[in-house]
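The values are calculated or read from the model by the stated rules, or taken from the named source; none is laboratory data. Quantities reported herein were computed from a predicted structural model and do not represent experimental measurements. When we count neighbours, we look across all protein chains shown, and the Cβ atoms used for this are built from the backbone with ideal geometry, even at glycine.
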Amino acid sequence: MLQWVRFLLLVSLVELCIVVNAATVEERPQVFVSVFNNAGVDAATVLLAENMASRIYQEAGFSIIWQNCVTQQQPKADGCVRILDSRHLVLHIEHQPRTLDADIYGVAFLGQDGLGVYCDVFYDRVAKLHHAGKASEATILGIVAAHELGHLLLGSHAHAPIGIMRPQLQAKDFWAPGLGGITLSLQQTRRISDRLARKQAERSSKQHTASLRTFV
Ligand SMILES: [Zn+2]
């Protein structure tokens, strides 16, 4: 009998854990990123790079929903980018920039108000770093993408002395990304959460006004 009670208790505890975990995942703030692979990077590398960037944001409590969009090299992907705002961002994978310095691997485009939705990562430079033996293309691409998305999510003055938002990453960040050199700080996490929550509240308020108008 005691064993039976124990078993029931165990089952309830396991179920409780499942419910708690499911709720945690659902409640994570979501960011949607439309990816345009204009450099013809193979699809498997892009997926691995997306997973790498996702892991960095998951550790900070965010979910990234990736949408791989139609490009010349990838004509069968989904068409995307229906909404553009702080939660709906666009990542272009380009061969290389025309004007930026040789050690620039990506760029995010922000207005004077600190808002922006577009960023680029430069595949040819990622490939060069990979061939120099630093890490896999997917790891480098994912880390660079995570940094540029960080600029869009944090707004102006996003650089920090530690973590993924350092202005210059080092080779060891790519060799051993699990060592904590590419994380978001608590302060950065709060800043992103606040921006996403504000955007979500604006959206809900607009939807509410729209539905009120419908019923007038
Ligand atoms: Zn930067």
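In table form, for the structure just shown:
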quantity	calculated
Among the residues listed as Ile18, Ile56, the single one being loosely packed, with under 15 Cβ neighbours inside 10 Å and either modelled with pLDDT under 95 or out of contact with any strand residue (DSSP E or B) (no Cβ under 6 Å at 6 or more places or on another chain) (or both)	Ile18
Of the criteria (1) modelled with pLDDT of 95 or more; (2) under 15 Å from the mean Cα position of the chain (by Cα); (3) away from the ligand (no atom under 14 Å from the Cβ), which one Arg190 fails	(2)
Exclusive hit being crowded, with 24+ Cβ neighbours inside 10 Å and aliphatic (A, V, I, L, M), set Ala145, Ala132, Ala127	Ala145
The listed residue being within 16 Å of the ligand (Cβ to nearest atom) and closer than 19 Å to Arg55 by Cα, out of Leu152, Leu100, Leu110	Leu152
Residue list for region 111-125, filter: in a helix (DSSP H, G or I) and either under 18 Å from the mean Cα position of the chain (by Cα) or among the hydroxyl-bearing types (Ser, Thr, Tyr) (or both)	Tyr123
